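Below: one structure, written as structure tokens.
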Amino acid sequence: MPLVETIKRVTRSGLQSFVRNGWLSTATISVMALTIFVMTSLLLLNVITQSLIFNLQDRIDISVYFKQGTPEDEIAKVRRDVEQLTEVKSVQYVTPDEALAVFKERHKDNPLLLESLAELGENPLEATLNIKARETDQFASIAGFLEREMYKPLIDKVNYSQNAEVIGRLSSIIGGIRRSGAILSFVLAAVAVLVAFNTIRLAIYTARDEIGVMRLVGASNWFIRGPFLVAGVLYGIIAALTTTAVLLPVVGAVSPKISGFLLTGTNLFAYFKQNFWVILGLELAVGIALGALSSYIAVRRYLKV
Amino acid sequence: MIKFDNVSKIYNEHAVALEGVSLEIQPGEFVSIVGQSGAGKSTLLKMLIAEEKPSAGRVFLDSIDVHQIPLAKLSILRRRIGTVFQDFRLLAERTAHENVAFAMEVAAATNEEIERDVPKVLELVGLKDKAGNFPRELSGGEKQRVALARALAHRPDIIMADEPTGNLDPLNTWDIIRLLMKINDLGTTVILATHDREIINTIERRVVSLDRGRVVRDEARGRYIL
Ligand SMILES: Nc1ncnc2c1ncn2[C@@H]1O[C@H](COP(=O)(O)OP(=O)(O)OP(=O)(O)O)[C@@H](O)[C@H]1O
Ligand SMILES: [Mg+2]
């Protein structure tokens, strides 16, 4: 028999049993949708924590304030020295004028402050180097470096940003959460996969006698397996599409709350929309693989007649 | 040619179903297997399609040892044999028509053949009107006739019918037996397991009598004697 005809028959039979066992199909799809939902949520959660950590780390810096009138070339030399350090990720130089502009911009609604600034006549702000470290625990050593004798004449003060320590501790906590979160995610995903697998197994268990009869009537293994694989793949596709259809508005509703709560500026919904096809593709891949593989494994044990 | 060579089947110490059965069946023969309930008739038939493995001895079909065939290849053997199971074993989720069509699909019949033959075969067993019924919507006798239709439809070399008339009234019974004999006349080997004395005594074909797992009689024009 031509392969195309076999595939047609197998597909038709798979679709037919899918429709006729409507209730069972619905139940299986629900469980698979739940599995895919859990996995997608874990993915999104990972995105949130990652951006949270990134955000926090990005906020920590060391500011080096130079004494008024320190020549630019001296500052440039310090900058070069600092940039040599392996711990340093970036160094940003802010001239007094720039600092003033930023200050004015930030307080443009406060005419009193601006007025008194104007009365002062000269720019009271100092030239600054803002230094960011690669890791949060490296600030101490950078600060130590800047406290050397040779820099004393130039530097007015070295300042961790006020909440550096809190932020540092928080980010190490988050790091810990992420690590245990990864393990937990893995366990959760595994549980979800197992539940889906067992649901499909149960569905096929109800057909075990039929499989036996098909074997005895002389159906080849692929002819028996095929319809179950078709149904399994169909479960996966519908489950993935359902999950996405549910997740899209949910993320849309929850995203602003998350951004507000964590103050991260992470827009989960934007992320979701931006990566929509990738996420949908992943969900489909998980659904199809899970459906097909579970069916394959579940049918196998009943083919031994 | 079918050959049972010293076949024994011991399910467990209380159930010795077959003991040293040797038997040859030539192509085109019509053989009835008779014996009391529990004599081992069904077990003997199951050996031929490798539904059960013999505890000892060998079973050959065209000099191929049936029980040496790997699981994945058994389908090829089974397609050559149309089986009417004592307990019917219809596919519960498929209609009468689809059950019969399934056997033909398996045997690689074309769609045209299926469309043409399935209604014909169903008509042959008197179930033209029940084509769309699921097994649960059929009476015992009707299920039995669907099972027979499924066994015939793909024109196998051998038909193996285990009590195919067990649930039928006399009129239907004779229709079925006549049908089997006609198919046999067309060259198909028929193996019939039954306890129906009247059938055996009327058709005057070869009869193999089993008693507690042993062949006690094998006559070319046998009668039903217990
Ligand atoms: N799967 C099994 N496990 C254990 N014992 C079995 C099994 N199948 C059959 N037997 C036993 O084997 C013996 C032969 O059974 P078999 O079904 O071959 O009888 P039969 O001649 O077909 O009887 P009937 O006319 O009632 O159908 C019986 O004693 C039965 O109890
Ligand atoms: Mg029996």
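The values are calculated or read from the model by the stated rules, or taken from the named source; none is laboratory data. What you are looking at is a predicted structure, and each value in this text was computed from that prediction instead of being measured. Ideal geometry is used to build each Cβ from the backbone, glycine not excepted, and the neighbour counts take in all protein chains shown.
Taking segment A:85-153 as the region of interest, the helices (runs of 4 or more DSSP H) fully inside it that hold 1 or more residues being under 42 Å from the mean Cα position of the chain (by Cα) are A:96-106, A:139-146. Contact map, segment B:41-68: residues that are closer than 18 Å to A:Leu303 by Cβ and in contact (Cβ under 8 Å) with a residue 24 or more places away in the chain paired with residues that are part of a strand (DSSP E or B) and within 16 Å of ligand 2 (Cβ to nearest atom), Cβ distance under 7 Å, separation 6+ or inter-chain. Pairs shown: B:Ile49/B:Thr83; B:Glu52/B:Lys9.
On the given criteria, is B:Val7 over 16 Å from the mean Cα position of the chain (by Cα) and closer than 24 Å to B:Arg197 by Cα? Steps first, answer last, please.
Details: over 16 Å from the mean Cα position of the chain (by Cα): yes; closer than 24 Å to B:Arg197 by Cα: no.
In short, no.
Checking A:Val213, A:Val233 one by one, the residue that is under 30 Å from B:Ala103 (Cα atoms), over 32 Å from the mean Cα position of the chain (by Cα), at pLDDT 90 or above and assigned by TED's automatic domain parsing to the domain that holds A:Ser17 is A:Val213 and no other. The condition (being within 16 Å of ligand 2 (Cβ to nearest atom) and more than 14 Å from chain A (Cβ to nearest Cβ)) is satisfied by just one residue among B:Glu204, B:Glu163, B:Glu198: B:Glu163.
Need a quick list: helices (runs of 4 or more DSSP H) entirely within segment A:213-305 having at least 1 residues that are aromatic (Phe, Trp, Tyr) and crowded, with 19+ Cβ neighbours inside 10 Å. It would help to see each step written out before you state the result.
On the way: elements: A:221-262, A:268-274, A:276-300.
The qualifying helices (runs of 4 or more DSSP H) are A:221-262, A:268-274.
The set of residues from segment B:18-39 being away from ligand 2 (no atom under 16 Å from the Cβ) and not aliphatic (A, V, I, L, M) comprises B:Glu19, B:Gly20, B:Ser22, B:Glu24, B:Gln26, B:Pro27, B:Gly28, B:Glu29, B:Phe30. Condition first: at negative phi and within 16 Å of ligand 1 (Cβ to nearest atom). Can you find one or more residues in segment B:178-192 that meet it? Looking through segment B:178-192, at least one residue is at negative phi and within 16 Å of ligand 1 (Cβ to nearest atom).
Residue pairs whose Cβ atoms lie under 8 Å apart, sitting 6 or more positions apart in sequence or on different chains, and linking a residue in segment B:19-40 that is more than 14 Å from chain A (Cβ to nearest Cβ) to a partner that is near ligand 1 (Cβ under 9 Å from one of its atoms) and β-branched (Val, Ile, Thr), are B:Ser32/B:Thr194; B:Ile33/B:Thr194; B:Val34/B:Thr194.
All conditions but one from (1) farther than 14 Å from B:Ala103 by Cα; (2) within 13 Å of the chain's Cα centre (by Cα); (3) more than 16 Å from ligand 2 (Cβ to nearest atom) apply to B:Arg178; the one that does not is (2). Just one of the listed residues (B:Arg78, B:Arg89) is in contact (Cβ under 8 Å) with a residue 12 or more places away in the chain, touching a helix residue (DSSP H, G or I) at 6+ places or on another chain (Cβ under 7 Å) and within 16 Å of ligand 1 (Cβ to nearest atom), namely B:Arg89.
Of the helices (runs of 4 or more DSSP H) contained entirely in segment B:70-159, those carrying at least 2 residues that are within 13 Å of chain A (Cβ to nearest Cβ) and more than 26 Å from B:Pro27 (Cα to Cα) fall at B:96-106, B:111-124.
Considering B:Gly140, B:Gly187, which residue is within 16 Å of ligand 2 (Cβ to nearest atom), of a type outside the set (Lys, Arg), exposed (fewer than 14 other Cβ atoms within 10 Å of the Cβ) and more than 14 Å from the chain's Cα centre (by Cα)? Of the residues listed, the single one that is within 16 Å of ligand 2 (Cβ to nearest atom), of a type outside the set (Lys, Arg), exposed (fewer than 14 other Cβ atoms within 10 Å of the Cβ) and more than 14 Å from the chain's Cα centre (by Cα) is B:Gly140. For segment B:40-75, filtered to residues that are within 19 Å of A:Ile211 (Cβ to Cβ), buried (at least 18 other Cβ atoms within 10 Å of the Cβ) and not aliphatic (A, V, I, L, M), the residue that is farthest from ligand 1 (Cβ to nearest atom) is B:Ser75.
So which residues in segment B:131-174 are on the phi > 0 side of the Ramachandran plot and away from ligand 1 (no atom under 16 Å from the Cβ), if there are any at all?
The one that is on the phi > 0 side of the Ramachandran plot and away from ligand 1 (no atom under 16 Å from the Cβ): B:Arg155.
Residues of segment B:41-68 being within 16 Å of ligand 2 (Cβ to nearest atom) and touching an Asp or Glu at 6+ places or on another chain (Cβ under 9 Å), which ones? B:Lys41, B:Ser42, B:Thr43, B:Leu45, B:Lys46 - these are the residues of segment B:41-68 that are within 16 Å of ligand 2 (Cβ to nearest atom) and touching an Asp or Glu at 6+ places or on another chain (Cβ under 9 Å). Taking the numbered list (1) within 16 Å of ligand 2 (Cβ to nearest atom); (2) modelled with pLDDT of 95 or more in turn, B:Ala15 passes all entries but (2).
Here is the figure for segment A:193-230: residues that are among the hydrophobic types (A, V, I, L, M, F, W, C) and within 11 Å of A:Ser294 (Cα to Cα) total 11. Checked against the criterion of being touching a strand residue (DSSP E or B) at 6+ places or on another chain (Cβ under 6 Å) and closer than 23 Å to B:Leu61 by Cβ, segment B:122-144 contains not a single residue that satisfies it.
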